[in-house]
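First up is the structure itself, then whatever we jot down about it.
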Amino acid sequence: QTKKSGRNGFRFFEPAMSEGAIERLHLEHDLRLALQRDEFILHYQPQVDLTTGALMGVEALCRWPHPTLGMLLPSLFIPMAEELGLIDELGLKVLELGCRQMATWDAAGLYVPRLAINLSVRELERSELPGQIAEILACTGLDPKRLELEVTESKLMRQADMAIFALNAMRTLGVTLAIDDFGTGYSSLSYLKRLPLNRLKIDRSFVEGLTQDVNDDSIARAIIALAHTLGLEVLAEGIEVREQADFLFREGCVEGQGYLYDRPLMPDELAAHWLKASE
Ligand code: C2E
Ligand code: MG
Ligand code: MG
Ligand code: MG
């Protein structure tokens with residue numbers, strides 16, 4: 001039998017079980033341990049005003065410094081945490097880490113206007129989440145206006161009714177909301193109109209071809225126009241070259257992030273490169 005999982009949910013561990021599967025089991029075990037031991041960290045990528053280059057905010061991006069495998073990226077461990085039912089715990093750690101970091105910068109006289117945190121749609125399903133976010137905000141003293149929550153468009157639209165409810169609950173806390181990877185998720189415009197949003201983030205895949213691929217030019221233009229029509233702000237992600245930034249700004253997109261400005265940085269690097277202590 002080559003079946004991995006029987007009718008009753010048993011798993012058959014066969015001698016032929018692939019190395020990949022065994023590695024995965026190790027990783028799952030490590031992930032639980034890393035959560036218990038608080039080993040996840042955040043890197044912060046600047047979000048800038050495309051004309052002045054001023055720092056408008058930072059996006060927190062989760063990293064896992066694995067003891068033997070090196071620095072692991074979220075594309076590896078976020079889906080795993082979701083499957084294992086650990087994403088809520090990880091998500092709360094991320095929120096807490098980020099908000100605490102903002103308090104640390106504040107206390108040092110270093111001002112980061114806004115903190116953006118990625119939320120998995122799985123996390124939105126839990127009705128306790130808004131209360132837990134309120135608690136983290138209260139404990140860290142972060143003004144809710146300075147916290148932005150990002151949810152990926154494609155995942156959001158699959159559960160649009162739930163999302164509308166959950167995002168409304170978030171909004172009453174005073175935080176702002178952004179749709180991430182916008183343009184990849186086939187948003188229904190009628191749902192988009194009903195979501196309590198502040199910002200659309202143009203997906204990197206469209207920014208990549210700007211000024212080289214007329215389709216990307218048109219898509220970016222259309223997203224910017226849509227954002228303006230709906231009264232939303234717009235931010236482009238994955239800006240790597242000056243021509244992309246110039247195009248976006250000409251078309252009315254005011255903010256962006258990407259390697260042109262900086263990669264995701266450790267907190268002290270961000271402070272050194274981007275923050276000046278106020279007198
Ligand atoms: P995202 O939220 O769309 O984040 C942007 C990703 O693009 C990040 O990848 C960032 O490092 C990368 N990036 C930034 N600028 C550039 C650029 O100029 N060029 C290119 N090629 N890439 C750029 P990263 O850090 O690997 O994160 C991947 C995804 O994992 C994120 O996509 C987000 O959806 C998810 N993620 C990250 N941290 C968390 C978290 O704490 N919780 C949850 N639920 N998801 C997270
Ligand atoms: Mg994001
Ligand atoms: Mg994105
Ligand atoms: Mg993305």
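The values are calculated or read from the model by the stated rules, or taken from the named source; none is laboratory data. In this text the structure is predicted, and so the values were computed from the model without any measurement. Cβ placement follows ideal geometry from the backbone for every residue including glycine, while neighbour counts extend to all protein chains displayed.
Identify the residue in the range 137-173 that is over 24 Å from residue 79 (Cα atoms) and β-branched (Val, Ile, Thr) and, among all such residues, is surrounded by the most Cβ atoms within 10 Å (Cβ to Cβ).
Here the residue is 140.
How many residues are surrounded by 15 or more Cβ atoms within 10 Å (Cβ to Cβ), more than 19 Å from residue 259 (Cα to Cα) and away from ligand 2 (no atom under 15 Å from the Cβ) if we restrict to the range 195-214?
The total comes to 1.
Can you name the number of the only condition in (1) within 15 Å of ligand 3 (Cβ to nearest atom); (2) touching a Gly at 6+ places or on another chain (Cβ under 6 Å); (3) not acidic (Asp, Glu) that residue 259 fails?
(2)
Hey, among 230, 265, which residue is within 30 Å of residue 108 (Cβ to Cβ), more than 16 Å from ligand 4 (Cβ to nearest atom) and in contact (Cβ under 8 Å) with a residue 24 or more places away in the chain?
Residue meeting the stated conditions: 265.
Mind listing just one residue for me: the one in the range 101-157 that is of a type in the set (Lys, Arg) and assigned to a helix (DSSP H, G or I) and, of those, farthest from the chain's Cα centre (by Cα)?
Per the stated criteria, the residue is 145.
Which of the helices (runs of 4 or more DSSP H) contained wholly in the range 174-279 include at least 1 residues that are over 25 Å from residue 142 (Cβ atoms)?
Output list reads 189-194, 204-207, 214-229, 242-250.
Select from the range 231-257 the residues that are closer than 26 Å to residue 195 by Cβ and surrounded by fewer than 14 Cβ atoms within 10 Å (Cβ to Cβ) and list them in ascending order.
Residues satisfying the conditions are 231, 252.
Return a yes/no flag: does the range 72-87 have any residue that is modelled with pLDDT of 95 or more, within 14 Å of the chain's Cα centre (by Cα) and part of a loop (DSSP other than H, G, I, E, B).
Checked the range 72-87: at least one residue is modelled with pLDDT of 95 or more, within 14 Å of the chain's Cα centre (by Cα) and part of a loop (DSSP other than H, G, I, E, B).
From 88, 38, which residue is farther than 30 Å from residue 239 by Cα, surrounded by 14 or more Cβ atoms within 10 Å (Cβ to Cβ) and not aliphatic (A, V, I, L, M)?
88
Taking the range 256-279 as the region of interest, how many residues are within 16 Å of ligand 2 (Cβ to nearest atom) and under 20 Å from residue 42 (Cβ atoms)?
Total satisfying the criteria: 8.
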